[in-house]
Amino acid sequence: MIDDRLNFNSHVQFACKKASKAINAIARIMPNNCGPSSSKRRLLASVSSSILRYEDTAWVAALETKQNQRKLSSTFRLMAMRIVSAYRTISSEAVCVIAGMIPINITLVEDSECYRHNNRKVVKAESLAKRQQEWNTAENEKTEKPTST
């Protein structure tokens, strides 16, 4: 889906709405407290992940805008929260770590790189390193002590 400015903003918006509908349908089927295990939730959440990742090698350039990154991240965060039955107050980084999922922005770039280079092992290692770096940065921001004046 290409809009009038020949970018993929409308596609990102459409994919996020469609994935949100799938996530909400899963949420209605599975209550947040006591219900199916997280492995079953993860299986059903892969549907919405597939919706977000559909033909991502063609529109990965849309990730250059912060607005598209935020839309994709918030949709993916909602899915991860459903997997681990977390409250909305959990951070995006923490919910991805608990769910055992790589953030969607990193996954989309990984898919694009694998399409170009056909070496999934190397690209996967780079993605995991980037994820670890983001986690370390987020963790350091939370544990920094404020300086007293």
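Across all directions, the shadow cast by the convex hull of region 47-139 built on its C-alpha atoms averages 6.1 square nanometres.
For Ile29 and Tyr115, FRET efficiency with R0 = 35 Å and r from the beta-carbon atoms, rounded to 0.05?
0.55
Working from label points 7 Å from Cα in the Cα-to-Cβ sense, the Ser74 to Ala58 distance is 2.6 nm. Modelled spin labels at Thr65 and Lys40, positioned 7 Å past Cα toward Cβ, are 4.0 nm from each other. Using the Cβ-Cβ distance between Arg88 and Val122 with R0 set to 41 Å, the FRET efficiency from 1/(1 + (r/R0)^6) comes to roughly 0.65. Taking a sphere under 13 Å around the Cβ of Val123 and counting the other residues whose Cβ falls inside, with K and R at +1 and D and E at -1, yields a net charge of +2. The peptide list 93-106, 43-56, put in order of mean Cβ contacts within 10 Å with the highest first, becomes 93-106, 43-56.
We did not get these values from a lab; they are worked out from the coordinates using the rules stated. Because the structure is predicted, anything quoted here is derived from the model rather than measured. We place every Cβ from the backbone using ideal geometry, glycine too, and count neighbours over all the protein chains shown.
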